[in-house]
Amino acid sequence: MMRNQMLRRAILQLLYERALEAPQSLIVGVEAREVVLQLGMTNKEFAFNALYLDGKGLITNDRASNGGELQFNAIMITPAGIDVIENPTDFDRLVPLTADTGADDHRLKSHP
């Protein structure tokens with residue numbers, strides 16, 4: 001459970017940073033497989049957490065259903081997701097971490 005909370009924060013943070021670097025990513029999105037690779041998660045972990053963030057309205061995506069198989073092609077952070085990143089109180093309320101984690105636990109892995 002703890003890992004999922006950290007992954008959700010990392011997904012949002014990654015999408016936020018990408019939007020700052022390349023604002024067009026707010027429209028075209030970031031490839032799901034790139035997020036999976038950069039954050040070192042499984043496709044199943046990604047799908048679970050992306051669906052959760054989508055349900056909260058923090059990200060959106062162009063997922064397609066292919067014979068019952070969920071496919072995420074590209075995802076983008078929503079204005080609500082940006083607000084959450086920029087307001088740590090909202091972030092902690094909407095994407096909670098248990099009390100005893102250090103502030104650095106949700107940092108992204110650097111990509112070589």
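The values are calculated or read from the model by the stated rules, or taken from the named source; none is laboratory data. Computed from a predicted structure; not experimentally measured. Glycine also receives a Cβ, built like all others from the backbone with ideal geometry; neighbour counts cover every protein chain displayed. Note: accessible area is taken over every heavy atom of the protein model, side chains too, but ligands, DNA and RNA are not part of it. Shrake-Rupley method; radii C 1.70, N 1.55, O 1.52, S 1.80 Å.
The figures follow:
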item: Close pairs (6 angstrom Cβ cut-off, 6 or more residues apart or separate chains): assigned to a helix (DSSP H, G or I) in region 7-27, basic (Lys, Arg) anywhere; result: 25/18
item: Hey, residue 51 open to solvent by less than 40 Å² (accessible area, probe 1.4 Å) and touching a residue at least 12 places away in the same chain (Cβ under 8 Å) or not; result: no
item: Tally, over region 26-36, of residues that are over 13 Å from residue 76 (Cβ atoms) and either out of contact with any Asp or Glu (no Cβ under 9 Å at 6 or more places or on another chain) or crowded, with 20+ Cβ neighbours inside 10 Å (or both); result: 1
item: All positions within region 54-101 that are surrounded by 12 or more Cβ atoms within 10 Å (Cβ to Cβ), part of a loop (DSSP other than H, G, I, E, B) and either in contact with a helix residue (DSSP H, G or I) (Cβ under 9 Å, 6 or more places away or on another chain) or modelled with pLDDT of 90 or more (or both); result: 56, 57, 58, 63, 72, 73, 78, 95, 97, 101
item: Condition met for residue 29 (at positive phi and within 12 Å of the chain's Cα centre (by Cα)); result: yes
